[in-house]
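Reading through the structure tokens given below for one structure.
What follows draws every value from the coordinates through simple rules; no lab data is involved. All figures in this text were calculated on a predicted structure; none of them were measured in a lab. Positions of Cβ are backbone-derived with ideal geometry, glycine not excepted, and every protein chain shown enters the neighbour counts.
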Amino acid sequence: MMNPEPEHGIENERRTEMEKRLEELYSSIEELKRENESRKAPDKLGWDDIAQEIVGAVTFALPFLFTGELWEVAKDISVERSLAILLMTLGVAYLFIAKSRIGNLKKEELFHIPKRLLTVTVIAYMISAVLIYVYGINGLADFTPGQYINATILISTFAVIGAITVDMVK
């Protein structure tokens, strides 16, 4: 007669091994769930986004910075038209950031204004003004202070679009 003990011992080992494997599977599934939930979470404004906005603003502003036609337009348009372009640019930027569902962005506001709109605007306009100065376009084109502002607004139109575009890319 055979001893049932060894068979029972082997069966217990198999059961224990299967339980360990099941535990590993469950923990892997839980980890995958956490990763999936973190991917679905809206992107909160952070330093990585600021860096992306700077890269986008510089990349899109540089080609327009060196066009003589833009300098001539900056000299010829009135301050009122320049302000209308500024408002139009801010309106389009607002639609991109707050109303479109292009990016998975967290809704963050400061005084009822989306934070990304504020950062994109400040970055784009500062970069445009600084680039005009650094590359000597102001002296080369012989801008008056009003024309300098006009040129900054015109170049910033493209810088804003670039900053938003690069920021929304994941």
Per residue of region 72-88, what does 6.51 cos²θ - 1.76 cosθ + 1.60 with θ = phi - 60° give for ³J(HN,Hα)? Whole Hz please, x for Gly and Pro, Karplus curve as stated.
5, 4, 4, 6, 8, 6, 7, 5, 4, 5, 4, 5, 5, 5, 4, 5, 5
Per-peptide average of other Cβ atoms within 10 Å, ordering 126-137, 145-156, 16-27, 74-85 highest first
145-156, 126-137, 74-85, 16-27
Debye intensity ratio I(q)/I(0), log10, region 44-169, q values 0.15, 0.21 Å⁻¹ (C-alpha model)
-0.65, -1.12
Convert each backbone phi in region 141-155 into a coupling constant with the Karplus relation 6.51 cos²θ - 1.76 cosθ + 1.60 (shift: θ = phi - 60°), then list the ³J(HN,Hα) values in order as whole Hz, x for Gly and Pro.
8, 6, 7, 7, x, x, 5, 4, 5, 4, 5, 4, 5, 5, 5
Just to confirm a number: summing +1 for Lys and Arg and -1 for Asp and Glu over residues other than residue 123 whose beta-carbon lies under 13 angstrom from that of residue 123, what do you get?
-1
Can you tell me how much longer the chain between residue 14 and residue 142 gets when fully stretched, taken as 0.36 nm per residue apart minus their C-alpha distance, in nm with one decimal?
37.5 nm
Quick calc: nm separation of the 7 Å Cα→Cβ label points for residue 21 and residue 48 -> 3.7
Linear extension gain, residue 118 paired with residue 34, 0.36 nm per residue minus alpha-carbon span:
27.1 nm
Once you list every other residue whose beta carbon is under 15 Å from the beta carbon of residue 147, what net charge do they have if Lys and Arg are +1 and Asp and Glu are -1?
-3
Net charge near residue 24 (other residues with Cβ under 14 Å of its Cβ; Lys, Arg +1; Asp, Glu -1) is -3
